[in-house]
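The values are calculated or read from the model by the stated rules, or taken from the named source; none is laboratory data. All of these numbers come straight from a predicted model, not from anything done at the bench. Backbone-built Cβ (ideal geometry, glycine too); neighbour counts: all protein chains shown. For accessibility, only protein heavy atoms count, side chains too; no ligands or nucleic acids. Shrake-Rupley method; radii C 1.70, N 1.55, O 1.52, S 1.80 Å.
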Amino acid sequence: MMLLQPLYSIYEWYISRNLEKENMPKHVAIIMDGNRRYSKIQGNVNVIEGHKRGVDTLENVLEWCIDLGIDIVTVYAFSTENFNRSKDEVSDLMDLFVNKFLSISSNKKIHKNKVRVKAVGKLELFSEDVRAAIEDAEKSTEHYDKRLINIAMGYDGRVEIVDAFKNIAQQVKEGKIEPEEINEDMINDNLYTAGLEDPNLVIRTSGEERLSGFLLWQSSYSELYFTDSLWPELRKVDFLRAIRSYTKRQRRFGR
């Protein structure tokens with residue numbers, strides 16, 4: 001592996017140098033898949049170690065995005081279905097969330113690069129300590145408007161769309177709008193990601209090729225990229241390949 005590292009560095013430089021800057025994505029969404037499989041491959045390792053390694057990967061990806069001028073990143077951190085995992089794993093994940101969200105207020109890289117942190121999803125499903133940690137992270141970065149990372153927590157794309165229609169139905173019931181006034185913009189304004197530009201590129205790691213309920217409405221015109229790398233093992237060269245693939249695609253939007 002040590003012998004390969006210089007080659008990877010050269011390859012990273014080569015890809016970065018040849019990216020089509022005018023076609024770079026502004027918003028990249030990522031399904032961070034493979035943490036548990038990574039732990040299993042490591043042998044007798046607690047599954048939470050894979051999730052911890054996954055957090056390290058996320059921090060690396062954010063740095064890569066900053067270097068590449070990608071200003072919006074949305075990551076799938078925890079779905080509503082993930083609550084059905086073993087009690088120990090869920091408990092360990094909640095502790096990890098609390099620790100990492102609380103650390104954001106003192107994270108020098110976050111503040112140096114003026115990254116706003118926002119959680120999206122059904123946050124009411126989480127315990128008070130997790131919600132308090134999320135609020136601490138959001139408040140400590142709320143004045144930044146240069147870059148944004150959205151962390152999808154307690155998220156399910158179908159539930160998001162249902163909730164959006166419930167909000168709109170309530171407005172119709174209250175006489176604030178008429179049914180015929182409902183349009184795409186109104187639905188966008190009632191999603192968890194209201195006011196956010198749709199992702200240009202959705203990346204999924206671990207070799208799985210599906211969205212698993214991630215940003216179902218928002219990704220209707222997103223480019224998709226799948227890589228076999230498990231999330232904790234994602235290298236910069238793997239990420240650059242995804243960006244290069246995007247820049248070389250012709251986006252017609254149905255035209």
Among the residues listed as GLU89, GLU81, the single one being open to solvent by less than 30 Å² (accessible area, probe 1.4 Å), of a type outside the set (A, V, I, L, M, F, W, C), under 23 Å from GLU128 (Cβ atoms) and at pLDDT 95 or above: GLU89
Residues located in the range 19-40, provided they are touching a residue at least 12 places away in the same chain (Cβ under 8 Å), within 18 Å of GLU208 (Cβ to Cβ) and open to solvent by 100 Å² or more (accessible area, probe 1.4 Å): ARG36
Matching residues, the range 33-48, being in contact with a helix residue (DSSP H, G or I) (Cβ under 6 Å, 6 or more places away or on another chain), part of a loop (DSSP other than H, G, I, E, B) and either within 16 Å of ASP88 (Cα to Cα) or aromatic (Phe, Trp, Tyr) (or both): VAL45
Verdict on ILE48 being touching a residue at least 24 places away in the same chain (Cβ under 8 Å) and under 15 Å from the mean Cα position of the chain (by Cα): no
Selection from the range 103-118 of residues that are open to solvent by 70 Å² or more (accessible area, probe 1.4 Å) and either farther than 16 Å from ASN150 by Cα or small (Gly, Ala, Ser) (or both): SER106, LYS108, LYS109, LYS112
Hits in the range 120-156 - residues which are within 18 Å of ASP95 (Cα to Cα), assigned to a strand (DSSP E or B) and open to solvent by less than 10 Å² (accessible area, probe 1.4 Å): ALA152, MET153, GLY154
Candidates SER127, SER103 - the one that is without any contact (Cβ under 8 Å) to a residue 60 or more places away in the chain, over 24 Å from PHE214 (Cα atoms), out of contact with any helix residue (DSSP H, G or I) (no Cβ under 6 Å at 6 or more places or on another chain) and hydroxyl-bearing (Ser, Thr, Tyr): SER103
Pairs with Cβ under 7 Å, 6+ apart, first in the range 110-122 and closer than 13 Å to SER79 by Cβ and at pLDDT 95 or above, second open to solvent by less than 10 Å² (accessible area, probe 1.4 Å) and assigned to a strand (DSSP E or B): VAL120/ASN150; VAL120/ALA152; VAL120/TYR155; GLY121/ALA152; GLY121/MET153; GLY121/GLY154; GLY121/TYR155; LYS122/GLY154
Among the candidates GLU208, GLU233, residue that is touching a strand residue (DSSP E or B) at 6+ places or on another chain (Cβ under 9 Å), within 30 Å of GLU20 (Cα to Cα) and at pLDDT 95 or above: GLU208
Candidates ILE72, ILE30, ILE15, filtered to the one that is out of contact with any strand residue (DSSP E or B) (no Cβ under 7 Å at 6 or more places or on another chain) and among the aliphatic types (A, V, I, L, M): ILE15
Helices (runs of 4 or more DSSP H) contained entirely in the range 157-255, each with at least 1 residues that are exposed (fewer than 13 other Cβ atoms within 10 Å of the Cβ): 157-173, 184-189
Residue match in the range 67-77 (condition: open to solvent by 70 Å² or more (accessible area, probe 1.4 Å), closer than 16 Å to ILE243 by Cβ and part of a helix (DSSP H, G or I)): yes
Residue within the range 53-66 that is exposed (fewer than 14 other Cβ atoms within 10 Å of the Cβ), on the phi < 0 side of the Ramachandran plot and part of a loop (DSSP other than H, G, I, E, B) present: no
